[in-house]
Structure formats: C-alpha cells, structure tokens
Amino acid sequence: MGSFEFLFPALIILLLSCVQSVFGMGILVFGTPTFLLLGYSFSETLGLLLPASFVISVAQVALHKEYRPPVSKSLWVICLPAIGISLFISISAEFVRSTYFLVACALFVAAAARMSPALKEKLRSIIQNNLAAYHLGMGILHGMTNMGGSVLGVMAATVHKEKIYARYITAFYYLAFVAVQIAIVLASEGMEIFENGILYAPMSLVVYLIVGNRLFRNVGNERFQAGMTGFLLLYAGILTLRWLEVL
C-alpha cells in the first residue's frame, strides 16, 4: 500500500475524530458514507473506522467526571443482539444502499424537530413511550448500515437537553455498539481487516485528547445544538444524493 493510500484515510478519520469529540458521534456516521463513496467495501469500511471509534468512546466514557445518566436496559437486551444479528447478515449481503432513503428521511425529520420546539416535544414523547421499539430499530439500522449513530444522536439529544449528558450517553452507546461490531467482524473476516484501522486508532485518540476535547469545552450548548442540527441536515443530504446515485 502506498503512502497516499495510507495517509488519505488517516486524514479523513482524524478530521472525523474532532467531530466525534464534540458530538459524541462522527467517525461512523460520517465516515461510513465517505469511505463507501470512495469505493471501499462495507467490511473494509468497518475495519478502518471501528478501532478509532472504539478508543475515542472509551476515552469519552472513562474521562466523564460529571453525573452519569442511567442507561436503558433495552440497550443490552434488545439493541445489542439486534446489531450482532443484522451485522452478520449485512457483511455477506453488503446491504447499504436500500436504507439510504429511509435514513435520510429520518434525519430530515430529526433536524426539523430540533428546529421546532413543538415537534421536538412530540418526538421526545414518542421516543420515551416506545423506547424498546426504538432500540430495536436502532440496532437493526446500525448493524445493517453502520449508521445507527444518526438515530442515536436524536435519542440522546432528545432525552438529555444538556450537551454533556447527551454526549456521554452517545459515547456509552457507541462503545457498546462498536464492541459488538468488532467481535462479529473478527469472527467473520479475521484480524487482517483491522490492519490499518488499528494504526489509525491511536492517532485518533491523540487528536481527541489534544484538540477535540478542547473544542467540546469551548462549544456552548446553543452552538452545540445548532451544530448537531447542521450535521444531521448535511448527512441527510449526502445520503439522499447517494440514494439518487448523484454521488
């Protein structure tokens, strides 16, 4: 592998590490469509992104010194098994494109809810009253497409208004998500699939500790919420264009 083929993915992952440092997600949510558009397979994309996402999530959870909101039992009994089963299927089927449109629609709705207090309150009520079903859908979506962070971010920011709690819940869920994904990919593809991803992971951690965490502290709650909405819209737009085969 040439230096460009190694360094170009590294630059993308390091940039997305800064995004994940602020929002609690980014490496998988934005990295997955990026690498798929660059021609990487779904398994190759997982091999590049999972180690970096894992180490940053570990750091975010371990370094969180504030109150730790409780985690829903649905994560353990519904969401994680759904991720494992659906990921095992998707590795063989390379099932990604057919979900782009549905995910884009969900993200547009989520962004609209964040901009409309009335719609946001309605969405919060729906999530809280249907938490088990939401976890099931999120698990299937993440296993099939690696994009469950899109709806995870909606849940975290909807249930927890303060950015520090929203980021903690997002990071904790991501840590559990990625742990299951790594186990399934290792069993299906072997260690070789993570050859470069393991090298990118410590770089991502350094970026998080030196740059990203400082960015998070300097981003006010209102700017955090506005930024999250902007990223949701951007991501939804990219997925829509990809579904239309414009990209």
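The values are calculated or read from the model by the stated rules, or taken from the named source; none is laboratory data. As the structure is a computational prediction, the values presented were derived from the model and not from experiment. Note that each Cβ is placed from the backbone with ideal geometry, even for glycine, and that neighbours are counted across all protein chains shown. Each accessible area value is taken on the protein alone, full model and side chains, heavy atoms only, with ligands, DNA and RNA left out. Shrake-Rupley method; radii C 1.70, N 1.55, O 1.52, S 1.80 Å.
Here residue 16 fulfils each of the conditions (1) without any contact (Cβ under 8 Å) to a residue 40 or more places away in the chain; (2) aliphatic (A, V, I, L, M); (3) part of a loop (DSSP other than H, G, I, E, B) apart from (3). With respect to (1) loosely packed, with under 14 Cβ neighbours inside 10 Å; (2) under 26 Å from residue 72 (Cβ atoms); (3) at pLDDT 90 or above, the lone exception for residue 182 is condition (1). In this structure, residue 46 qualifies as assigned to a helix (DSSP H, G or I), within 14 Å of residue 181 (Cβ to Cβ) and either in contact (Cβ under 8 Å) with a residue 24 or more places away in the chain or open to solvent by less than 30 Å² (accessible area, probe 1.4 Å) (or both).
Has the range 165-172 got any residue that is within 17 Å of the chain's Cα centre (by Cα), among the polar types (S, T, N, Q) and within 20 Å of residue 56 (Cβ to Cβ)? So far as the range 165-172 goes, yes, one or more of its residues are within 17 Å of the chain's Cα centre (by Cα), among the polar types (S, T, N, Q) and within 20 Å of residue 56 (Cβ to Cβ). All of (1) of a type in the set (A, V, I, L, M, F, W, C); (2) in contact (Cβ under 8 Å) with a residue 40 or more places away in the chain; (3) open to solvent by 20 Å² or more (accessible area, probe 1.4 Å) hold for residue 123 with one exception: (2). Just to verify a result, which residue in the range 1-33, among those that are among the aromatic types (Phe, Trp, Tyr) and within 15 Å of residue 56 (Cβ to Cβ), is surrounded by the fewest Cβ atoms within 10 Å (Cβ to Cβ)? Among those that are among the aromatic types (Phe, Trp, Tyr) and within 15 Å of residue 56 (Cβ to Cβ), it is 30.
On the basis of being touching a helix residue (DSSP H, G or I) at 6+ places or on another chain (Cβ under 7 Å), at pLDDT below 80 and either of a type in the set (Asp, Glu) or under 22 Å from residue 114 (Cβ atoms) (or both), does residue 152 make the cut? Here the answer is no, as residue 152 does not meet what is asked.
For the structure I just gave you, tell me whether residue 57 is touching a residue at least 60 places away in the same chain (Cβ under 8 Å), open to solvent by 20 Å² or more (accessible area, probe 1.4 Å) and not acidic (Asp, Glu). When the stated conditions are applied, residue 57 does not pass them. All conditions but one from (1) within 14 Å of residue 46 (Cα to Cα); (2) touching a residue at least 40 places away in the same chain (Cβ under 8 Å) apply to residue 190; the one that does not is (2). Here residue 109 does not qualify as more than 17 Å from the chain's Cα centre (by Cα), open to solvent by 80 Å² or more (accessible area, probe 1.4 Å) and within 22 Å of residue 178 (Cβ to Cβ).
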